[in-house]
Amino acid sequence: MIGKFRKIAYPLHVMLLPGLIVIAIFSYGPMVGIVIAFQNFNPTKGLFGSNWVGLEHFRYVYSLPDTYNVIRNTLVISSMKLVVDLVVTIGTALLLNEIRLKLFKRSIQTIIYLPHFLSWVILSGILIDVLSPNTGMLNEFLAWLGFKRIFFLGNENWFPFVLVGTNTWKEFGFGTIVYLAALTGINPALYEAAVLDGASRWKQTLHITLPGITPIIVLMLTLSVGNILNAGFDQVFNMYGPAVYSTGDILDTFVYRTALINAQLSVATAVGLFKSVISCFLISASYLIAYRLANYRIF
């Protein structure tokens, strides 16, 4: 039996080799560059020819007043996205689950799912036009109602909410798939028994549907915690500007500006390494919590 299993497993391991080679080259190979965080890196001298400075760049980063502001922005924006996305996706899944006309249900699913496939490069161009303070559709509507025009992408108070709202609009259709799949696993007999007891649709949702998908909710929530330091570089980079750095600048955009605009490669690597270490810890902790609360296992 063991020999037969080994014969079956060998082809599967061979099929894994191309993927492992790609990961080794493009994911683990570049990790050699971590040493830049501990050097005064000079591109002309290479990775191992530059002067070593130890933890000097980490101390410099922690001394910058912008560092704490960037970390705060990252945590605030990520947390807001996590909570709003969770509420909207669950609510949408529950509403779609109540639709009995299959053609209409599938049409709605397709419509809300489509934005997920559009890149932020395309969407940011559309949103910049829609949210324009002078000619934007939204501001034209606000002006028609008698309200004052708002510079959504240039106002530091509005910008975080714009990020959360647009991200939710783009991704909530994709998130509903998980919860719709979870809803199909609930025993229909429970609803039949609830109807016989005179329970309304709201009572059925409250006492059957939500408890039935609670393990999936806990799982998705805990797994999302591991990515809380990823506030969405593509979205922020394509929509923000200097006017909203105080509330919109996140770790990834800070690293980009430090490395490619200010040419401080060592400092940027130190920030990136700091983020990676914290993210690794959060991901490990989230998988442990998911295993304890929802019995989730990677393998």
task: For segment 17-156, build the charge dipole from Cβ charges (+1 Lys, Arg; -1 Asp, Glu) around the Cα centre, then report which of Q109, L153, Y68 sits farthest towards its positive end.
output: Q109
- request: Quick one: grab the alpha carbon gyration tensor of segment 133-274, order the square roots of its eigenvalues as a ≥ b ≥ c, and give me rounded if a/c is under 1.5, else prolate or oblate depending on whether a/b is larger than b/c.
  value: oblate
task: Quickly rank 38-46, 95-103 as a protection proxy: mean count of other C-beta atoms within 10 Å, highest first.
output: 38-46, 95-103
- prompt: By the gyration tensor of its Cα atoms, with a ≥ b ≥ c the square roots of the eigenvalues, what is the shape of segment 7-73: rounded for a/c under 1.5, prolate for a/b over b/c, or oblate?
  reply: oblate
query: For segment 153-164, what does the Karplus curve 6.51 cos²θ - 1.76 cosθ + 1.60, with θ = phi - 60°, yield as ³J(HN,Hα) per residue in whole Hz, taken in order and with x for Gly and Pro?
result: 8, x, 9, 5, 7, 8, 4, x, 6, 5, 4, 5
- prompt: Nearest 0.05, what FRET efficiency do V14 and I111 give at R0 = 51 Å with Cβ-Cβ as r?
  reply: 0.75
statement: Yeah, segment 1-132 with a ≥ b ≥ c from its alpha-carbon gyration tensor (a/c under 1.5 is rounded, else prolate when a/b outruns b/c, oblate otherwise) is oblate
message: Using the basic label-point model (7 angstrom from Cα toward the beta carbon), what is the A243 to L75 distance in nanometres?
response: 2.9
- prompt: What is the packing order of peptides 16-28, 189-201, taking the mean over residues of other C-beta atoms within 10 Å and listing the highest first?
  reply: 189-201, 16-28
query: Once label points are set 7 Å from the Cα along Cα→Cβ at both T184 and V130, what is their separation, rounded to one decimal in nm?
result: 3.0
- line: Taking a label point 7 Å from the Cα of Y60 along Cα-to-Cβ, the residues of segment 230-271 whose backbone nitrogen sits under 13 Å from it are 258-259, 262-271
message: Set the bar at 31 Å for Cα to Cα. Now go through K45/K81; K105/K148; K102/K148; K81/K105; K148/K275 and name every pair that lies beyond it.
response: K45/K81; K105/K148; K102/K148; K148/K275
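Expressed in nm to one decimal, what extension gain is obtained for the pair V195 and L95 from 0.36 nm per residue of sequence separation less their Cα-Cα distance?
34.1 nm
Just so you know, all these numbers are worked out from the coordinates, no wet-lab data involved. Keep in mind that this is a model prediction, so the values were computed, not measured. A quick note on method: Cβ atoms are made from the backbone with ideal geometry, for glycine too, and the neighbour counts reach across all protein chains shown.
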